[in-house]
Amino acid sequence: MAATTTICIDPDIKSKLDDLKAYKNESYNSVVERLIKMAYDEEPLTDEDIKGIEESLEDIKAGRVYSEEEAKRMMGIED
């Protein structure tokens with residue numbers, strides 16, 4: 001069951017919410033719900049993911065990178 005509440009927002013914020021409506025009659029509830037879904041990551045990075053990203057950044061800093069052409073050549077892929 002939906003709860004009803006009143007909130008005070010600045011006119012410029014209301015205008016921005018209006019601009020974010022997918023269609024003219026979309027409810028503010030739907031707009032806010034979309035924004036919340038965008039803000040939350042349903043699949044957060046694991047420790048393993050973070051470690052892999054950190055290792056990749058170190059490789060980049062150390063110059064251990066390959067161009068797309070070099071990578072294709074190393075993998076035996078031809079255009």
Test: residue in segment 65-74 that is among the small types (Gly, Ala, Ser), surrounded by fewer than 10 Cβ atoms within 10 Å (Cβ to Cβ) and not in a helix (DSSP H, G or I): yes
Scan of segment 14-52 for residues that are of a type in the set (Val, Ile, Thr) and surrounded by 11 or more Cβ atoms within 10 Å (Cβ to Cβ), ordered by number: Val31, Val32, Ile50
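Kindly establish whether Tyr66 is under 30 Å from Asp18 (Cα atoms) and among the hydroxyl-bearing types (Ser, Thr, Tyr).
Working: under 30 Å from Asp18 (Cα atoms): no; among the hydroxyl-bearing types (Ser, Thr, Tyr): yes.
Judged against the criteria, Tyr66 is not a match.
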Some residue of segment 3-12 being out of contact with any Leu (no Cβ under 9 Å at 6 or more places or on another chain), at negative phi and surrounded by 10 or more Cβ atoms within 10 Å (Cβ to Cβ): no
Selection from segment 34-53 of residues that are basic (Lys, Arg) and within 26 Å of Asp18 (Cα to Cα): Arg34, Lys37
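We did not get these values from a lab; they are worked out from the coordinates using the rules stated. Note that the structure is a prediction, hence the values are computed from the model and not measured. All Cβ positions, glycine included, derive from the backbone under ideal geometry; neighbour counts span all protein chains shown.
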